[in-house]
Amino acid sequence: MTTVTIDKATRTPKVKYGSMSRDRAWALRWSYFFLVIFAIFFLTPPVYMLITSLKSSAEISAATNPWWVFHPTLENYTSLLTSNQFLRFFWNSAIVSIFVVTITMLISVPAAFALSRMRFWGSATLATGVFLTYLVPETLLFIPLFKMFAVIGDFTGIQLINRWYVLLILYPTLTVPFCTWIMIGYFASIPKELDEAAIIDGASWFQTLTRIFIPVALPGLIAATIFAFTVSWAQFLYPLVFTTSTDQLVMPVGIITTLIKGDVFNWGQIMTGALLGAAPPLIIYAFLMDYYIAGLTAGATKG
Amino acid sequence: MADVALRKVVKRYDDVEAVRGIDLDIADHEFIVLVGPSGCGKSTTLRMIAGLEDISDGDILIGGDVVNDVPPKDRDIAMVFQNYALYPHMTVAENMSFGLRLKHYPKAEIKARVTEAARLLDITDLIDRKPKQLSGGQRQRVAMGRAIVRNPKVFLFDEPLSNLDAKLRVQMRIEIKKVHQKVRTTTVYVTHDQVEAMTLADRVVVMNKGRIEQIGTPNELYHKPATRFVAGFIGSPAMNFIPCRLEDVGGTLQIRLTDRIAFALPPARAARYNALPRTEKLLLGIRPEHLTESHAHLAPGVETFDTVLDVTEPMGMETLVYFGLDGTPVCGRVDPNAGAKDGAPMRLAMDLNNMHLLNEETGVVL
């Protein structure tokens, strides 16, 4: 009996650990291989944008190696950053995004709290309904929405079409359902005893939300905020349809409509504008990346 | 501090009755433990007292006032949860003072109360830590601290020790008892662990299937159980139930267990059971500690019989022996030096002065 146990203890680990590490080494090699391929695939466009943005129009149209800058210049950057028009687009985008994020959070956080915690008749159906509205594509909605706003304008005299603030009504139709859904999931991962303890401690529903749920669900809240910001910053179809005057345009549409004149593409400035436009979300992501990932994986593990 | 009363309290979920009409009077300063198997309605009852569940029928009174429709925060109660339910983003001090801060108590008084509670629970050093930096036992102390600082009328405990390991559970059990001796707040404590119930309670309420089986002090429940459920639930190892019947042999009342084994009842017991019909199907309830090894000099009412042991379990201070009587498994407790061995014959003594007789059909102790 004793000899058998000693035998096992000395022999089995060698075989086991040997094969484990060999498996692991191969798994690592394969994952690096695929990660490098993906990195190249996804980083090529931004790199190409950066290269092009540093070239003059002459160099872009010249038949040289497109992957190398022979005469680097910042003229695209200076001309865009000194152009009132471009700064106007940037400003419009910033204002719209900040307002949309604020509106979205003010609606979706209390909505998610109510749907996940205050059991009322039809709350489960309503929660599913909220998510279903997110599944309706915007390409399907913009024509009826345009018609609606036109009718409202005709009847009330309130001009909504071709005003930047119409976007404050339009974007939340995309952001509110998704953010509500994220927050429902996040709130659901908070143990029920926590709000019961708060209720017994004397907190109202509102105090439970502001003093317990929001601080505890902060990673989820940040994830939802980043999502709302990204959606409203990058939204293209709605502003293209609903705004036309150059002083009302947001950046993605502004770049396309003002830097493409007929069939003349001002590639250097288009690439520069796109890079500058991508900067704010990138900076926000870089700072809040850890929170964002923690938020998206919440609910997978309780904690 | 206040007394608590439940009057015919019922809880219905759709068409399932979780609690079926409970009457209970809890005196001021009393430590009451609700105990029973899972699904017996004990937690639901506690949550109804807390106000976290609506009452389907009946009344709950705290300090003489009906609180059926009073929200939890106005009932002046404090609750300790199984998973502690500490606010993870707050320090220990902030956790404990949360309720007081919501009620806008003066800062000095909050500080004094938190310091006092922390001293009482021996967590003064942890006051600035976050819950995740604490061990399970420390978290449970903080949860108790949060209840104590509020100085409520009633403490409610919902299985507070179930998440702790066995050793810590024993330690915290003593802590809870000490705290109650100091603060004397009326306490309702829910557990499924009968040892916890016995050690902590002034009175134990045994619940089963949404009803109260018996209310009594730990000793009453142990020595005078009212039903088969209570007799089997309280005590470990559990009471043995052996089918038997009564018979008259030569003017004395006998209890017959098997064809071979029949004992004359001690006079006090004979008088008590004499009126029972001899045809009735009965169960002999006898605790393992009243089934011991045989001695040369036996007290009156102690009868011996021979059996063959199936299994023995040495526990150190005693040895548990298992054997069969006509197919009914029976457990006894003998001295570790009595020579009990697996598969060996042994002479055992049954102390009939401590027997119980139950109606097999109704489960009522006669």
* **Number of the exception - residue B:172 against (1) closer than 14 Å to residue B:82 by Cα; (2) in a strand (DSSP E or B)** => (2)
* To do: Examine the stretch B:310-327 for a residue that is small (Gly, Ala, Ser), farther than 14 Å from residue B:257 by Cα and assigned to a loop (DSSP other than H, G, I, E, B), and state whether such a residue exists.
  => yes
* Taking residue B:64 as the residue in question, decide whether it is modelled with pLDDT under 90 and farther than 17 Å from residue B:152 by Cα. => no
* Tell me, which residue of the stretch A:205-240 that is within 14 Å of chain B (Cβ to nearest Cβ) and small (Gly, Ala, Ser) is nearest to residue A:91 (Cα to Cα)? -> A:220
* Look through the stretch B:111-133, keep the residues that are farther than 24 Å from residue B:177 by Cα and part of a helix (DSSP H, G or I), and return whichever of them is modelled with the highest pLDDT. => B:111
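Could you check the stretch B:36-60 and list, in sequence order, the residues that are surrounded by 17 or more Cβ atoms within 10 Å (Cβ to Cβ) and part of a strand (DSSP E or B)?
Correct list: B:58, B:60.
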* Look through the stretch A:185-204, keep the residues that are facing chain B (nearest Cβ under 9 Å) and small (Gly, Ala, Ser), and return whichever of them is farthest from residue B:145 (Cα to Cα). => A:204
* Asked: Does the stretch A:64-83 hold any residues that are among the small types (Gly, Ala, Ser) and in contact (Cβ under 8 Å) with a residue 24 or more places away in the chain, and which are they?
  -> A:79
* Structure fact -> Selection from the stretch B:72-110 of residues more than 9 Å from chain A (Cβ to nearest Cβ), among the acidic types (Asp, Glu) and not in a loop (DSSP other than H, G, I, E, B) yields B:94, B:109
* Structure fact -> Out of (1) out of contact with any Asp or Glu (no Cβ under 8 Å at 6 or more places or on another chain); (2) farther than 30 Å from residue B:160 by Cβ, the one residue A:174 does not meet is (1)
* Asked: Is it the case that the stretch A:197-206 has a residue that's buried (at least 23 other Cβ atoms within 10 Å of the Cβ) and charged (D, E, K, R)?
  -> yes
* Condition test on residue B:147, is it in contact (Cβ under 8 Å) with a residue 60 or more places away in the chain and in contact with a Leu (Cβ under 7 Å, 6 or more places away or on another chain)? -> no
* Structure fact -> Counting only residues that are surrounded by 21 or more Cβ atoms within 10 Å (Cβ to Cβ), small (Gly, Ala, Ser) and assigned to a loop (DSSP other than H, G, I, E, B), the stretch A:207-254 contains a total of 1
* **So residue A:42, is it of a type outside the set (Lys, Arg), surrounded by 10 or more Cβ atoms within 10 Å (Cβ to Cβ), closer than 26 Å to residue A:232 by Cβ and modelled with pLDDT of 90 or more** => no
* Can you tell me which of B:221, B:276 is of a type in the set (A, V, I, L, M, F, W, C), part of a loop (DSSP other than H, G, I, E, B) and farther than 24 Å from residue B:348 by Cβ? -> B:276
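Against the condition modelled with pLDDT under 90 and within 18 Å of the chain's Cα centre (by Cα), how does residue A:171 come out, does it pass?
Criteria not met by residue A:171.
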* **Candidates A:275, A:221, filtered to the one that is within 30 Å of residue B:139 (Cβ to Cβ) and of a type outside the set (Val, Ile, Thr)** => A:221
* Return yes when residue A:39 is part of a helix (DSSP H, G or I), under 30 Å from residue A:207 (Cβ atoms) and under 26 Å from the mean Cα position of the chain (by Cα) and no when it is not. => no
* Structure fact -> Scanning the stretch B:313-366 for residues that are of a type in the set (Lys, Arg) and crowded, with 18+ Cβ neighbours inside 10 Å gives B:333
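In the list A:133, A:156, A:180, which residue meets the criterion of being polar (S, T, N, Q), crowded, with 21+ Cβ neighbours inside 10 Å and more than 14 Å from every other protein chain (Cβ to nearest Cβ)?
Just a single option satisfies the conditions, and that option is A:180.
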* Determine the pairs where a residue that is on the phi < 0 side of the Ramachandran plot and within 12 Å of chain A (Cβ to nearest Cβ), located within the stretch B:41-65, has a partner that is assigned to a loop (DSSP other than H, G, I, E, B) and surrounded by fewer than 19 Cβ atoms within 10 Å (Cβ to Cβ) with Cβ atoms under 6 Å apart, the partner being 6 or more residues away or on another chain. => B:47/B:53
* **Options B:153, B:130; residue that is touching an Asp or Glu at 6+ places or on another chain (Cβ under 6 Å), within 14 Å of chain A (Cβ to nearest Cβ) and either basic (Lys, Arg) or crowded, with 18+ Cβ neighbours inside 10 Å (or both)** => B:153
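The values are calculated or read from the model by the stated rules, or taken from the named source; none is laboratory data. Treat the numbers as computed from the prediction; the structure is a model and nothing was measured. Every residue, glycine among them, receives a Cβ derived from its backbone with ideal geometry; neighbour counts consider all protein chains shown.
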